[in-house]
Amino acid sequence: MSDLKEFFLSRDQGDLYKWYNYFDVYERHLAPFRDKEIVLLEIGVSMGGSLKMWRAYFGENARIAGIDINDYAKRFAANGFDIFIGDQADPAFLKSVIAKIGAPDIIIDDGGHTSNQQIVSFQTLYPLMKEEAIYLVEDTHTSFLPGFQDRTDGQTFLDFAGNHADKLSWIDLIKNIERFKTPPDQRTGDLVLPYFTRCTFGVSFYNGIVVFERRKMEEPWAERR
Ligand SMILES: C[S@@+](CC[C@H](N)C(=O)[O-])C[C@H]1O[C@@H](n2cnc3c(N)ncnc32)[C@H](O)[C@@H]1O
């Protein structure tokens, strides 16, 4: 059994609520960061249970920060976490948090779960992460629930994530430049690849979770040998 699941099952404080299938996803993407000097930011602190789980998993060298809109979260500062109170759909607030904690290695969005909150947080925070980093969004099934579909452009978070998965493909991108609406660079005439394509290794879709793996990408190269 994974360490995270074991931590969860051994807990009886009632402060941690998780879908069981999430643990395998965490292990797959987060294990390489264990026992390192990382910065982890979690959006959505609630009763503080997940912050404690991350501390147990990543160790004392990790800087663990939480964002919540509810003042209640402030009390977890006493447990050695950096706590920031504000709205995850407010880019200025999110930028002020990063200015204080530095570029995160891991971001977990387990906040309000509306599509607008998930999209605005991702758009603001993803460019501010370390070059090699993991951005994990939880409870993405809310994209199917009308009460969480709050974008004026009608986009759900899963629409947004799917469109970003399309952008991983450099070859398609060049063939379908019209579709991606990225005109050639005015000055050089070069095709302008979306920023996302240049800094993303992969997007993984799971039941209830989407994971973005940030990594500096080189232009794809193939040859016959
Ligand atoms: C699902 S709970 C988080 C659970 C916690 N991560 C855990 O696993 O124990 C969601 C939290 O997001 C917070 N939240 C809701 N809307 C928010 C917003 N717009 N900005 C920041 N936090 C928000 C709520 O106050 C609540 O504490």
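Of the residues in the stretch 74-86, none is open to solvent by less than 10 Å² (accessible area, probe 1.4 Å) and within 10 Å of the ligand (Cβ to nearest atom).
Of Ser2, Ser96, all but one fail to be more than 12 Å from the ligand (Cβ to nearest atom) and either among the β-branched types (Val, Ile, Thr) or more than 29 Å from Phe205 (Cβ to Cβ) (or both); the exception is Ser96. Exactly one residue out of Lys167, Lys130, Lys95 is basic (Lys, Arg), touching a Leu at 6+ places or on another chain (Cβ under 8 Å) and under 17 Å from Val211 (Cα atoms), and it is Lys167. Within the stretch 52-66, one or more residues are more than 19 Å from the chain's Cα centre (by Cα), open to solvent by 70 Å² or more (accessible area, probe 1.4 Å) and away from the ligand (no atom under 12 Å from the Cβ). Apart from one condition, Tyr20 fits all of (1) in a loop (DSSP other than H, G, I, E, B); (2) in contact (Cβ under 8 Å) with a residue 24 or more places away in the chain; the exception is (2). Screening the stretch 118-138 for residues that are open to solvent by 20 Å² or more (accessible area, probe 1.4 Å) and in contact with a strand residue (DSSP E or B) (Cβ under 8 Å, 6 or more places away or on another chain) and picking the one that is farthest from the ligand (Cβ to nearest atom) gives Glu131. Using beta carbons and a limit of 9 Å, which pairs, at least six apart or on different chains, have the first residue in the stretch 100-113 and among the charged types (D, E, K, R) and near the ligand (Cβ under 7 Å from one of its atoms) and the second one open to solvent by less than 20 Å² (accessible area, probe 1.4 Å) and in a loop (DSSP other than H, G, I, E, B)? Close Cβ pairs (under 9 Å, with a partner that is open to solvent by less than 20 Å² (accessible area, probe 1.4 Å) and in a loop (DSSP other than H, G, I, E, B)) amount to Asp110/Gly44; Asp110/Val45. Out of the stretch 43-74, which residues are part of a helix (DSSP H, G or I), out of contact with any strand residue (DSSP E or B) (no Cβ under 8 Å at 6 or more places or on another chain) and more than 16 Å from Leu30 (Cα to Cα)? Listed by number, the residues that qualify are Gly49, Tyr72.
Of the candidates Asp71, Asp24, Asp15, the single residue that is among the charged types (D, E, K, R) and either within 18 Å of the chain's Cα centre (by Cα) or more than 14 Å from the ligand (Cβ to nearest atom) (or both) is Asp24. If you filter the stretch 87-117 down to residues that are of a type in the set (S, T, N, Q) and not in a loop (DSSP other than H, G, I, E, B), you find that the one that is least open to solvent (accessible area, probe 1.4 Å) is Ser115.
Here the stretch 39-51 is the region considered, the condition is being open to solvent by 10 Å² or more (accessible area, probe 1.4 Å) and of a type in the set (A, V, I, L, M, F, W, C), and the residue that is farthest from the ligand (Cβ to nearest atom) is Val39.
Per the listing Asp150, Asp159, the residue uniquely modelled with pLDDT of 95 or more, surrounded by fewer than 19 Cβ atoms within 10 Å (Cβ to Cβ) and part of a loop (DSSP other than H, G, I, E, B) is Asp150.
The values are calculated or read from the model by the stated rules, or taken from the named source; none is laboratory data. All of these numbers come straight from a predicted model, not from anything done at the bench. Cβ: placed from backbone, ideal geometry, glycine included. Neighbour counts: every protein chain shown. Just so you know, the surface numbers come from the protein's heavy atoms only, side chains and all, with ligands and any DNA or RNA stripped out. Shrake-Rupley method; radii C 1.70, N 1.55, O 1.52, S 1.80 Å.
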